[in-house]
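No lab work stands behind these numbers, since they all come straight from the coordinates. Quick caveat: nothing in here was measured; it's all calculated off a predicted structure. Don't worry about glycine lacking a Cβ; one is built from the backbone with ideal geometry, like all the others, and counts go over all protein chains shown.
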Amino acid sequence: MIITVASGKGGTGKTTIATSLARALVDLEQEVSFLDCDVEAPNAHLFLQPEFQHSKNVDILIPNVDIERCTACGRCAEICQYHAIVVLGQKTLVFPELCHGCGSCTLECPENAITEIPDKLGLLEAGLTPDGIRFARGLLDVGEPMAVPVIHQLKKWQPQQNTGISIWDSPPGTSCPVVESIRGADYLLLVTEPTPFGLHDLKLAAQLATELDIPAGVVINRDGVGDNQVEIFCQQMDIPILMRIPFDREIGAGIAQGKALIDIRPAYKSRLQEMFVQIRDRVTLNV
């Protein structure tokens, strides 16, 4: 079963919940894996402390034009939906930063003047944590604009695959990288905070879950600040509130020091296990 932990906005405690949930499940499941899909700013390793044993580059295939064969007919520019290739006079120009690697220009070139060459986007790393969790993460290279191919390849990478429980830590927001992180999950765990900003972004995340037809539940972090509008929204949308974590100075200080929630407050280990049982029952009912 795959549980994606997401949030409409950054800083709500998404990674805090995801990492402690993975550690809490080690006692319940034979195999637990963790994917850090927040490839632009991965930080789950700070809490899970994996020893990386495998790595792999993430490449995208971009067009390379043979100027000897190219007749500047413009067919490649016509077919490219991302304006990554243009023809100016008798010259064909490629803009790798805009290319999505679809290969249409290569297939459509009447002179067979276009071949594809790999362009590095990022890196995948995998290894085991001290708890025995199979950990993998993606790292988008600095300056690269497209996170989706890195996330897509991370999800398919062999070293992290298993048949047990997999926790995917999504990027914040509701953009394309988030959609890719959620796609294929059995359950979406939305972490929010009871503030106007938290409510606004929770609504967007809940809409995304509806569009992708994935059952969702909510964890309210920093409970006690703000107001009760998040709770009212969840009641109106029939989204279960699975856990509340209070606004607690000691928890905040511990997280800032790189400690997991279940190390700061050991009682949350059993609470996270109980939450997982609720999620598993809901997923089973939806099958």
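The figures follow:
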| quantity | calculated |
| --- | --- |
| Order of R271, R134 under a 10 Å beta carbon neighbour criterion, fewest first | R271, R134 |
| Relative intensity, log₁₀ I(q)/I(0), of the stretch 55-196 from a Debye sum that treats every alpha carbon as a point, q = 0.10, 0.14, 0.17, 0.18 Å⁻¹ | -0.48, -0.78, -0.96, -1.03 |
| Debye, to nearest 20: dipole size of the stretch 50-94, +1 on Lys, Arg Cβ, -1 on Asp, Glu Cβ | 160 debye |
| Pairs of Cα atoms farther than 18 Å apart, the stretch 67-112, % | 18 percent |
| Label point distance in nm, F197-E111, each placed 7 Å from Cα along Cα→Cβ | 5.4 nm |
| Cα pair distances of the stretch 175-216 binned at 10 Å [whole percent] | 29, 56, 15 |
| Order of F34, F233 under a 10 Å beta carbon neighbour criterion, fewest first | F233, F34 |
| Charge context of L121, other residues only, Cβ under 10 angstrom, K/R +1, D/E -1 | -3 |
| For the chain, with +1 on Lys and Arg beta carbons and -1 on Asp and Glu, the positive-most of C105, L272, F47 along the dipole | L272 |
| Net dipole in debye of the chain [+1 Lys, Arg Cβ; -1 Asp, Glu Cβ; about Cα centre; nearest 20] | 420 debye |
| For the chain, calculated [θ]222 nm from helices alone, where every DSSP H run of n ≥ 4 adds -39500 (n - 2.57) | -9500 deg cm²/dmol |
| About the Cα centre, charge dipole magnitude for the stretch 71-194 (Lys/Arg +1, Asp/Glu -1 at Cβ), debye | 160 debye |
| Relative packing of peptides 105-111, 17-23, 193-199 - highest average C-beta neighbours within 10 Å first | 17-23, 193-199, 105-111 |
| Within straight-line cross-link reach of K269, aspartates and glutamates at Cα separation under 13 Å, skipping those fewer than 8 residues along the same chain | D27 |
